[in-house]
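**Q** This structure is in structure tokens; I'll ask about it shortly.
The values are calculated or read from the model by the stated rules, or taken from the named source; none is laboratory data. Remember, predicted model here, so these are calculated numbers, not experimental data. Neighbour counts are summed over all protein chains in view; Cβ atoms, including those assigned to glycine, are modelled from backbone coordinates with ideal geometry.
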Amino acid sequence: MLLILFLVMFFGLLAVGMPIFLVLGLCAAILYFASGEPLIGVAQVMIDHLNSPTLMSLPLFVMAATFMRYGGVAKALVDLSAAWLGGVRGSLGLVTVVACTLFAAISGSSVATALAMGTILLPAMIEKGYPRSFALGVVGASGTIGIVIPPSLALILYGIVAEQSVPRLFLAGVLPGLLQAAVFFVWVWYDARRRKFPIEPSLPLAERLRVTARAIPALIVPVIVLVGIYGGVVTVTEAAAIAAVVSLLVSLIYYRGFRWSETLWVVADALKSAGAIMLIVATALAFGHWMTASGIPAELVKWVLAQNMAPWQFLLAINVLLLVLGCFLEVIATLLLVLPILAPVLPALGVDPVHFSIIFTHNMEIALVHPPVGLNLFVLSTISHAPIGEVVRGVLPFLILLLMVLMIITYVPTLTMWLPHAIYGN
């Protein structure tokens, strides 16, 4: 009964435009009050859950991504991709896919990737005669890779809520992320030949090597993060702190994307973004704590087992549920709202939580480019001044490809689990 009350309040408050962190916080407080729990418990739970070393990595990765977005790193990655893809029809579209994949391995954020790459590549493609809807579609869809390629902010949150190893989740996201990039690359190559997009001139080898050398500092960050974590040298939080410091130094000293006098402004922008995320996380974790204490997940496990559902049927139903929720909720809210309910069901059905993490985050990728609340759609509409309908038309072919990749990830678990098993064992 209380869960129904929560759902009615939740969607009702969202419908009147209340910010998501206030919706979650108010609903959690009412649920605690209705259960006879002291309201001070809400604040205590929020503080206890935020006092997590792993969660501390989240604002640090956000800071690293912000430094790189303002610091000229995105431009260096675009130049690197363009240097080696010149001479191919539709090369700017291919550059977008490759550059977004590289930037995703640095930023861990889909929205940051779409914003950084869209600012550079949208004007370039439109100037070269690419259809604007195509340019919007390839940037918006390729930006979603940031949510699954490590270091992914969504996978960090998943690890905290589902109590899973974040390094193992990072490994699980590598091959699915590369598969998605490869599928997009092939589609853009085919579409460019079919529609006779322009061919960019090929650069001489010496120029390619010069551009590659200039991009090396930009590529240092993901190498430091991943080698440090999997070499056992640093924890995820320490790797995030190193990434933030290196990103600042690379952006300021090497690329000179902003001046020392502007550093505080860039840091403030990063803290504003991180603070908004942490508020949502804190209130959602308070709801998750109430959910666990109420026994609802345990009852859900009993109900699912009583239906005699096969794992493939359960995963299909969850995919449909997540796709529907993605139409109305933003990514972090969906993850923090649904995962505390679903996580206890997974072991009972023999579904590996690590495999499920990539299924979950890929659904969230689709939500980023799915109307009516896909954040990447609004980011691109804002920076290009294009109507949202035009952005949706451009994204539509990639949305179909994302659904195809989702089915592969869901029903070919080896794709997700091979790398974690190879590094950590079963």
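**Q** So for the stretch 61-74 (the condition being surrounded by fewer than 15 Cβ atoms within 10 Å (Cβ to Cβ), in contact (Cβ under 8 Å) with a residue 24 or more places away in the chain and out of contact with any Leu (no Cβ under 9 Å at 6 or more places or on another chain)), does at least one residue qualify? Walk me through it before giving the result.
**A** Here is the first cut: in the stretch 61-74, the residues surrounded by fewer than 15 Cβ atoms within 10 Å (Cβ to Cβ) are none.
Checked against the condition, which is being surrounded by fewer than 15 Cβ atoms within 10 Å (Cβ to Cβ), in contact (Cβ under 8 Å) with a residue 24 or more places away in the chain and out of contact with any Leu (no Cβ under 9 Å at 6 or more places or on another chain), the stretch 61-74 yields no hits at all.
**Q** Would you check if Val138 is over 24 Å from Thr410 (Cβ atoms), aliphatic (A, V, I, L, M) and crowded, with 24+ Cβ neighbours inside 10 Å?
**A** Numbers: over 24 Å from Thr410 (Cβ atoms): yes; aliphatic (A, V, I, L, M): yes; crowded, with 24+ Cβ neighbours inside 10 Å: yes.
Yes, satisfied.
**Q** Then there's this: Can you tell me which of Leu336, Leu329, Leu380 is aliphatic (A, V, I, L, M), in contact (Cβ under 8 Å) with a residue 24 or more places away in the chain, buried (at least 21 other Cβ atoms within 10 Å of the Cβ) and assigned to a loop (DSSP other than H, G, I, E, B)?
**A** Working: Leu336 fails: assigned to a loop (DSSP other than H, G, I, E, B); Leu380 fails: assigned to a loop (DSSP other than H, G, I, E, B).
Unique residue meeting the criteria: Leu329.
**Q** Still on this structure, please answer the following. Pick out the one residue from Gly288, Gly228 that is part of a helix (DSSP H, G or I), surrounded by fewer than 18 Cβ atoms within 10 Å (Cβ to Cβ), in contact with a helix residue (DSSP H, G or I) (Cβ under 6 Å, 6 or more places away or on another chain) and not aliphatic (A, V, I, L, M).
**A** Numbers: Gly288 fails: surrounded by fewer than 18 Cβ atoms within 10 Å (Cβ to Cβ).
The match here is Gly228.
**Q** Then there's this: Inspect the stretch 241-251 for any residue being polar (S, T, N, Q), touching a Leu at 6+ places or on another chain (Cβ under 7 Å) and either surrounded by 15 or more Cβ atoms within 10 Å (Cβ to Cβ) or at pLDDT below 80 (or both) and give the result as yes or no.
**A** no
**Q** Collect the residues in the stretch 390-426 that are crowded, with 17+ Cβ neighbours inside 10 Å, touching a residue at least 24 places away in the same chain (Cβ under 8 Å) and β-branched (Val, Ile, Thr), keeping them in residue-number order.
**A** Val391, Val395, Val405, Ile409, Thr410, Thr416
**Q** Continuing with the same structure: Given the conditions (1) hydrophobic (A, V, I, L, M, F, W, C); (2) at pLDDT 90 or above; (3) not in a helix (DSSP H, G or I), report the number of the one that Leu401 does not fulfil.
**A** That leaves (3) as the condition not met.
**Q** While we're looking at this one, here's another question. From the list Leu31, Leu92, pick out the single residue that is buried (at least 20 other Cβ atoms within 10 Å of the Cβ), modelled with pLDDT under 80, in a helix (DSSP H, G or I) and touching an Asp or Glu at 6+ places or on another chain (Cβ under 9 Å). Spell out how you get there, then give the answer.
**A** Numbers: Leu92 fails: modelled with pLDDT under 80.
Only one candidate passes the filter, namely Leu31.
**Q** Of all the helices (runs of 4 or more DSSP H) wholly in the stretch 125-217, which have at least 3 residues that are touching a residue at least 40 places away in the same chain (Cβ under 8 Å) and closer than 22 Å to Gly72 by Cα? Give the steps one after another, and end with the answer.
**A** Details: elements: 132-143, 153-162, 166-195.
Output list reads 132-143.
**Q** Regarding the stretch 193-201, can at least one residue be identified that is more than 24 Å from Leu58 (Cβ to Cβ), surrounded by 21 or more Cβ atoms within 10 Å (Cβ to Cβ) and modelled with pLDDT under 90?
**A** Residues of the stretch 193-201 more than 24 Å from Leu58 (Cβ to Cβ): 193-201.
Narrowing the set further to residues that are surrounded by 21 or more Cβ atoms within 10 Å (Cβ to Cβ) leaves 197.
Of the ones still in play, those that are also modelled with pLDDT under 90 are 197.
For the stretch 193-201, residues more than 24 Å from Leu58 (Cβ to Cβ), surrounded by 21 or more Cβ atoms within 10 Å (Cβ to Cβ) and modelled with pLDDT under 90: present.
**Q** Among the numbered conditions (1) assigned to a helix (DSSP H, G or I); (2) farther than 30 Å from Ile253 by Cα; (3) modelled with pLDDT of 75 or more, tell me where Gly87 comes up short.
**A** (1)
**Q** Report yes if some residue within the stretch 313-320 is in a helix (DSSP H, G or I), surrounded by fewer than 17 Cβ atoms within 10 Å (Cβ to Cβ) and touching a residue at least 12 places away in the same chain (Cβ under 8 Å); otherwise report no.
**A** Going through the stretch 313-320, the residues in a helix (DSSP H, G or I) turn out to be 313-320.
Of the ones still in play, those that are also surrounded by fewer than 17 Cβ atoms within 10 Å (Cβ to Cβ) are 313, 316-317, 320.
Checking the rest, the ones that are also touching a residue at least 12 places away in the same chain (Cβ under 8 Å) come to 316.
Checked against the condition, which is being in a helix (DSSP H, G or I), surrounded by fewer than 17 Cβ atoms within 10 Å (Cβ to Cβ) and touching a residue at least 12 places away in the same chain (Cβ under 8 Å), the stretch 313-320 yields at least one hit.
**Q** Okay, next question. Quick check on this structure: which one of Ile40, Ile120 is surrounded by fewer than 21 Cβ atoms within 10 Å (Cβ to Cβ) and over 30 Å from Ala386 (Cβ atoms)?
**A** Numbers: Ile120 fails: over 30 Å from Ala386 (Cβ atoms).
Just a single option satisfies the conditions, and that option is Ile40.
**Q** Separate question: In the stretch 72-120, which residues are closer than 22 Å to Leu58 by Cα and of a type in the set (S, T, N, Q)?
**A** Thr101, Ser107, Ser109, Ser110, Thr113
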